[in-house]
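Nothing in this text is a laboratory measurement; each read-out follows from the coordinates by a stated rule. All figures in this text were calculated on a predicted structure; none of them were measured in a lab. Neighbour counts run over all protein chains shown; Cβ positions are idealised from the backbone, glycine included.
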Amino acid sequence: MRLLVLATLISLPLGAQPGRYVKESAHAAIGDPQAIEEGRKLFLQSCAGCHGPDGTGGRGPNLVRRPLWHPLSDEAVFRIVQEGIPGSSMPPSGLSEDEAWSLVAFIHVMIGPAAENRTPGDASAGAEVFWGKTAGCSGCHAIHGRGCLLGPDLTNVGDRLPLAVIRQSILQPSDELYRIGSEGVQVRLRNGKEIGGIARNRDSYSLQVIDSAGNLHLIGMHEVAAIEISESSPMPGDYAQRLAGDELENLLAFLARQSLRSEDVTSR
């Protein structure tokens with residue numbers, strides 16, 4: 001079974017972002033741990049070959065990102081699982097109604113905000129990884145005003161992104177999807193001054209650069225003599241090797257809990 005869950009739902013322009021469900025189903029499988037676990041097994045058996053074990057894509061589309069404008073509902077996913085998409089490589093699944101709903105329940109968890117779902121790992125131990133020297137996350141990122149503003153603020157990251165996207169942004173930071181708005185730049189101004197850091201809101205008229213000290217530089221493009229954009233992310237790409245044992249899972253558990261809507265946020 002190829003769960004090409006919606007070429008329509010999950011085609012991937014560069015601006016695609018994970019989004020909330022426009023309508024959550026009242027079906028008993030949604031949010032039920034037993035159904036979610038059954039759906040996970042079905043996904044790994046039948047869907048992961050195309051979409052990857054965490055839904056980030058392979059031969060099939062990435063399921064955890066979608067265009068913001070496209071509405072999403074559990075019922076729509078259920079219909080596609082059951083009926084397929086005519087004229088595409090997504091056939092009917094052949095699953096029973098209960099099995100299909102279990103699969104939908106797992107997909108709902110997989111592509112929803114990390115903060116809304118249970119995440120394996122020890123968040124308290126993950127906080128030590130985040131603020132510690134080995135990972136060095138706080139040298140670029142801030143949570144609730146603590147840390148550095150060089151990289152994106154992660155105060156609400158668990159409420160904005162699915163877990164798979166957070167994981168991929170750590171392990172594959174130079175993937176094009178994650179560098180937009182975070183490009184490393186070296187700028188030489190007409191007066192001879194050089195500024196290096198992370199580009200923000202770059203367009204034909206102006207450029208904003210945050211340097212390693214967290215200072216924001218507002219630059220008019222008429223001031224620029226030369227600009228060099230890095231081909232890779234300023235974020236290190238060796239976290240798969242740098243983080244030992246359960247450190248990655250614990251870090252992910254910590255980041256997943258960073259939500260402004262949650263009353264139980266581990267921020268320190």
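For Asn62, no residue 5 or more places off, or on another chain, has a built amide H under 5 Å of its own. Look at Arg190, Arg65, Arg160 and count the other Cβ atoms within 10 Å of each Cβ; fewest to most, that gives Arg190, Arg160, Arg65. Per-residue 3J(HN,Hα) values for the range 138-155, derived from phi via the Karplus relation 6.51 cos²θ - 1.76 cosθ + 1.60 with θ = phi - 60°, read 6, x, 10, 10, 10, 9, 6, x, 9, x, 10, 9, 4, x, x, 5, 10, 4 Hz in sequence order (x marks Gly and Pro). Counting pairs of Cα atoms in the range 183-229, how many percent are more than 18 Å apart? I get 13 percent for the Cα pairs in the range 183-229 exceeding 18 Å. Legend: ranking of residues Thr155, Thr134 from fewest to most surrounding C-beta atoms inside 10 Å; resulting order Thr134, Thr155.
Here the relative contact order of the range 183-229, from alpha carbon pairs under 8 Å that lie six or more residues apart, stands at 40 percent. In terms of surrounding Cβ atoms within a 10 Å radius of their Cβ, Cys148, Cys47 rank from fewest to most as Cys148, Cys47.
In order along the range 224-238, the phi-based Karplus estimate (6.51 cos²θ - 1.76 cosθ + 1.60, θ = phi - 60°) of 3J(HN,Hα) comes to 8, 8, 7, 9, 10, 9, 5, 7, 9, 5, x, 6, x, x, 10 Hz; Gly and Pro are listed as x. Using only side-chain charges placed at the Cβ, +1 for Lys and Arg and -1 for Asp and Glu, the dipole size of the range 82-134 relative to its Cα centre rounds to 320 debye. Converting phi to 3J(HN,Hα) with the Karplus coefficients 6.51, -1.76 and 1.60 and the offset θ = phi - 60°, the range 191-201 yields 7, x, 6, 10, 10, x, x, 10, 7, 9, 6 Hz in sequence order, with x at every glycine or proline.
Compared with the rule-of-thumb size 2.2 N^0.38 Å for a compact globular protein, the range 58-146 has a Cα radius of gyration ratio of 1.54.
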